[in-house]
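So the structure is just underneath, and the comments pick up after that.
Each value in this text was obtained by applying a stated rule to the coordinates, not by laboratory testing. In this text, all values refer to a predicted model and were calculated from it rather than measured experimentally. Positions of Cβ are generated from backbone atoms using ideal geometry, with glycine treated the same way; all protein chains shown enter the neighbour counts.
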Amino acid sequence: MSGPPGVLDAGVVLARLDPRRRGHAEMQRLLATDRRHRRWLISSVNLAEALQHARDWDRTTGADLVSVLSALGVEVDAPDAVTARRAAALADESNLSLADRFLLATALREAARLWTTDAVVARMARRLKLAVTRV
């Protein structure tokens, strides 16, 4: 695969599931076509956040979010101690949620492009010199 991995936040995953959300069409296209060229990751912490917010979607569709992500080629990343320490250290630099800090720490560890729907996360990613796409 060419190019840096892509690290997804929960908001991007939720946008992919819901046609009413901003970024839906872009993420639908990107995850369908770009997976041949890019490795996609979601931290298990961000997956938990997406699962929490997608409970109604799960019940309504009967689909399993983890299975859908797997079918789209998204890998679940289990953070290691170094990533956890980096996420904890980011608390000193921001008021971001723990999930957002794991998103950033995972992208830093992987030297990855970060995909987010959150303007505050996008600003922090730029401050940390991460490549970022806000959808």
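Would you look at the GNM of the chain, springs on alpha carbons closer than 10 Å, and say which of TRP115, TRP57, TRP40 moves the most?
TRP57
Tell me the mean residue ellipticity at 222 nm calculated for the chain from its helices only (DSSP H runs of n ≥ 4, each -39500 (n - 2.57), averaged over every residue, nearest 500).
Result for the chain, helices only: -15500 deg cm²/dmol.
Of ALA105, ALA84, ALA122, which is the most mobile in a GNM of the chain whose springs link Cα atoms less than 10 angstrom apart?
Top of the fluctuation ranking is ALA84.
Of [x] 14.6, 40; [y] 14.0, 41; [z] 14.6, 45, which is the value of Rg and Dmax of the Cα atoms in Å derived from the coordinates here?
Of the labelled values, this structure produces [y].
Among VAL13, VAL74, which comes first, then next, by fewest other beta-carbon atoms within 10 Å?
If I rank by nearby Cβ atoms, fewest first, I get VAL74, VAL13.
Using a Gaussian network model of the chain whose springs link C-alpha atoms within less than 10 Å, name the residue from LEU17, LEU41, LEU104 with the highest mean-square fluctuation.
Its mean-square fluctuation being the largest, the pick is LEU17.
Using Cα pairs under 8 angstrom and six or more residues apart, how large is the relative contact order of the chain, in percent?
31 percent.
Rank the residues ASP118, ASP80, ASP58 as a footprinting-exposure proxy: fewest other Cβ atoms within 10 Å of their Cβ go first.
ASP80, ASP58, ASP118
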